[in-house]
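J.: The structure that follows is given in the form of structure tokens.
The values are calculated or read from the model by the stated rules, or taken from the named source; none is laboratory data. It should be emphasised that the depicted structure is a prediction, and the values quoted were computed from it without experimental measurement. Quick reminder, even Gly has a Cβ in these numbers, built from the backbone with ideal geometry, and neighbours come from all protein chains shown. In case anyone asks, the SASA skips ligands and DNA or RNA and just uses the protein heavy atoms, side chains included. Shrake-Rupley method; radii C 1.70, N 1.55, O 1.52, S 1.80 Å.
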Amino acid sequence: MKILSFLLLICSLSTAVSQPRSVQPIDSLIQQKMQEAKLVGVGTAIIINNKVVWEKGFGYADRERQIPFTPSTVMNIASVSKTFLGFCIMKAVEQGVVSLDEDINTYLPFTVSNPNFPNEKITLRHLATHTSGLIDRYPFYMDSTYFYGGKKPEPLGDFLKNYYVSGGKYYSKANFLPARPGTKRDYSNIATGLAGYIIEIRTGQKLPEYSRRYIFKPLKMKHSGWGLNEIDLRRHAKLYEKKEDLMVPIPLYECTTYPDGGVRTSVHDLAKFFITLLDNGKYEDKRLLNEELAVEMLRYQYTPDHKPDNVAIDKLNSGIFWSTKLGATRIGHNGSDPGVRTFMLSDLAKEVGVIVFFNASLSDQEENLFFAIYEELYKYGQSLKANSYTLDKKQ
């Protein structure tokens, strides 16, 4: 009977009458908010109890060529990519080639130490919970790690050595916090790149190859990868930035520290990976990651007795490249890059998940419009879940 009720739910989604909202339908709400901000394209999926129940695209993947944005449109997903790295770390733990709590210098071909605390070890767990004391230096990070128009970044290992090792051309004491590992949280993209580099060294495979073997291929994520050379560019969205009151196209780009944000995928593909995380390492009948390690990836790593000094855990907590969001009312990850804004968030019970892609970036003053669209979709997801429960009870 549950199968029948689920099919009834899917059928009901195709008609406006079935929407359990007594207010403006979700499609027109999204379109209205897109018009307010002059957003170009939006792709979204709603997951209920580990099933995709609704996915749709709005606007354009390429405004100039009038190509619609669909759930199959591909684009870079910025920091949502870190959840893929988190999964790869846990897979490498499963394979016995890394430990979350070993000194990272056990794995590296060069030595990384905080000059303020040279004898304190830094671990993968520190890197994955943003408590390593290794930080991004601005504006250097944005100015030196993004490469546009087909220009290729320098090798990740070379960059990291130059950034973290004394005498390197990017080295500075400003690359480090004056705090012991584990005592302060400071979100770091470059430290994320270091975690990805360690996985590459220890597995003997580049992150794109490792991800393809253990994530993309098993999940049949046919239009996903880390680099532009792995993607059918005909499916890739054009990216836009708002300048004054106009949305201006920007070139595609790649980053030196690609483990921090380089995954390119579609809403349709990403939903499979999100379900795998929400279902503790399993997608349908396939187990991609040992359940205990999948649970550890999502487990709240901060506790009242073991947390960064600058974190209130009722407002923020962290898994392995996974965290609470929106005042600790959701879990997952967000992403932001030039021309990109992404959300992959679930309620704390992991029952209602929402993915949203935007192929445009707004000013800080207008950021709330992204969140407004996400919230409308989350409310819609909640109403679909309630409707599903009602249908189930009637059988």
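J.: State yes or no: is LYS56 of a type in the set (Lys, Arg), within 30 Å of ILE355 (Cβ to Cβ), without any contact (Cβ under 8 Å) to a residue 60 or more places away in the chain and in contact with a helix residue (DSSP H, G or I) (Cβ under 8 Å, 6 or more places away or on another chain)? Show your work before the answer.
T.: Working: of a type in the set (Lys, Arg): yes; within 30 Å of ILE355 (Cβ to Cβ): yes; without any contact (Cβ under 8 Å) to a residue 60 or more places away in the chain: yes; in contact with a helix residue (DSSP H, G or I) (Cβ under 8 Å, 6 or more places away or on another chain): yes.
Answer is yes for this residue.
J.: Quick one: ASP285 ticks every box in (1) out of contact with any Ser or Thr (no Cβ under 8 Å at 6 or more places or on another chain); (2) more than 27 Å from TYR146 (Cβ to Cβ); (3) in contact (Cβ under 8 Å) with a residue 40 or more places away in the chain except a single one, so which number is it?
T.: Looking at each condition in turn, ASP285 falls short on (3).
Conditions (1) within 28 Å of PHE147 (Cα to Cα); (2) surrounded by 22 or more Cβ atoms within 10 Å (Cβ to Cβ), marked per residue:
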site	(1), (2)
VAL356	yes, yes
GLU367	yes, no
LEU384	no, yes
ASN387	no, no
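J.: Quick one: TYR283 ticks every box in (1) under 28 Å from GLN31 (Cα atoms); (2) in contact with a Leu (Cβ under 7 Å, 6 or more places away or on another chain) bar one, so which box is it?
T.: With (1) under 28 Å from GLN31 (Cα atoms); (2) in contact with a Leu (Cβ under 7 Å, 6 or more places away or on another chain) applied to TYR283, the lone miss is (1).
J.: Separate question: Do we find a residue being open to solvent by less than 10 Å² (accessible area, probe 1.4 Å) and among the aliphatic types (A, V, I, L, M) anywhere in the stretch 315-325?
T.: Among the residues of the stretch 315-325, at least one is open to solvent by less than 10 Å² (accessible area, probe 1.4 Å) and among the aliphatic types (A, V, I, L, M), which makes the answer yes.
J.: Right, here's the next one. Would you check if PRO308 is touching a residue at least 60 places away in the same chain (Cβ under 8 Å) and farther than 30 Å from GLY149 by Cβ?
T.: Working: touching a residue at least 60 places away in the same chain (Cβ under 8 Å): yes; farther than 30 Å from GLY149 by Cβ: yes.
Spelling it out, PRO308 is indeed touching a residue at least 60 places away in the same chain (Cβ under 8 Å) and farther than 30 Å from GLY149 by Cβ.
J.: Residue check: is LEU252 touching a Leu at 6+ places or on another chain (Cβ under 7 Å) and farther than 21 Å from THR44 by Cα? I'd like the intermediate steps shown before the answer.
T.: Working: touching a Leu at 6+ places or on another chain (Cβ under 7 Å): yes; farther than 21 Å from THR44 by Cα: yes.
Spelling it out, LEU252 is indeed touching a Leu at 6+ places or on another chain (Cβ under 7 Å) and farther than 21 Å from THR44 by Cα.
J.: Does the stretch 203-222 contain at least one residue that is open to solvent by 70 Å² or more (accessible area, probe 1.4 Å), in contact (Cβ under 8 Å) with a residue 60 or more places away in the chain and not charged (D, E, K, R)?
T.: In the first step, residues of the stretch 203-222 are kept if they are open to solvent by 70 Å² or more (accessible area, probe 1.4 Å); the result is 206, 209, 212-213, 217, 220, 222.
Okay, now just the ones that are also in contact (Cβ under 8 Å) with a residue 60 or more places away in the chain, so none.
No, the stretch 203-222 contains no residue that is open to solvent by 70 Å² or more (accessible area, probe 1.4 Å), in contact (Cβ under 8 Å) with a residue 60 or more places away in the chain and not charged (D, E, K, R).
J.: Does THR123 count as surrounded by 15 or more Cβ atoms within 10 Å (Cβ to Cβ) and within 19 Å of the chain's Cα centre (by Cα)?
T.: Values: surrounded by 15 or more Cβ atoms within 10 Å (Cβ to Cβ): yes; within 19 Å of the chain's Cα centre (by Cα): no.
Taking the combined requirement at face value, the residue does not satisfy it.
J.: For the stretch 155-184, how many residues meet the condition of being assigned to a helix (DSSP H, G or I), open to solvent by less than 70 Å² (accessible area, probe 1.4 Å) and closer than 26 Å to ILE320 by Cβ?
T.: The first filter runs over the stretch 155-184 and keeps only residues assigned to a helix (DSSP H, G or I), leaving 156-164, 173-175.
The next check asks that each one be open to solvent by less than 70 Å² (accessible area, probe 1.4 Å); those that pass are 156-157, 159-160, 162-164, 174-175.
Going one step further and asking which of them are closer than 26 Å to ILE320 by Cβ, we end up with 156-157, 159-160, 163-164, 175.
The total comes to 7.
J.: Looking at the stretch 283-295, which of its residues are surrounded by fewer than 17 Cβ atoms within 10 Å (Cβ to Cβ) and not β-branched (Val, Ile, Thr)? Spell out the reasoning first.
T.: Within the stretch 283-295, the subset surrounded by fewer than 17 Cβ atoms within 10 Å (Cβ to Cβ) is 284-287, 290-292, 295.
GLU284, ASP285, LYS286, ARG287, ASN290, GLU291, GLU292 - these are the residues of the stretch 283-295 that are surrounded by fewer than 17 Cβ atoms within 10 Å (Cβ to Cβ) and not β-branched (Val, Ile, Thr).
J.: What do you reckon, is GLU94 open to solvent by 60 Å² or more (accessible area, probe 1.4 Å), touching a helix residue (DSSP H, G or I) at 6+ places or on another chain (Cβ under 6 Å) and modelled with pLDDT of 95 or more?
T.: Working: open to solvent by 60 Å² or more (accessible area, probe 1.4 Å): yes; touching a helix residue (DSSP H, G or I) at 6+ places or on another chain (Cβ under 6 Å): yes; modelled with pLDDT of 95 or more: yes.
Judged against the criteria, GLU94 is a match.
J.: Quick check on my filter: what residues within the stretch 189-245 are out of contact with any strand residue (DSSP E or B) (no Cβ under 9 Å at 6 or more places or on another chain) and in a strand (DSSP E or B)?
T.: LYS243
J.: Restricting attention to the stretch 256-272, which residues are under 15 Å from TYR197 (Cα atoms) and open to solvent by 20 Å² or more (accessible area, probe 1.4 Å)?
T.: Of everything in the stretch 256-272, just one residue is under 15 Å from TYR197 (Cα atoms) and open to solvent by 20 Å² or more (accessible area, probe 1.4 Å), namely TYR258.
J.: Now for a separate question. Mind counting the residues in the stretch 337-354 that are within 16 Å of PHE58 (Cα to Cα) and open to solvent by 10 Å² or more (accessible area, probe 1.4 Å)?
T.: Summing the residues that are within 16 Å of PHE58 (Cα to Cα) and open to solvent by 10 Å² or more (accessible area, probe 1.4 Å) in the stretch 337-354 gives 1.
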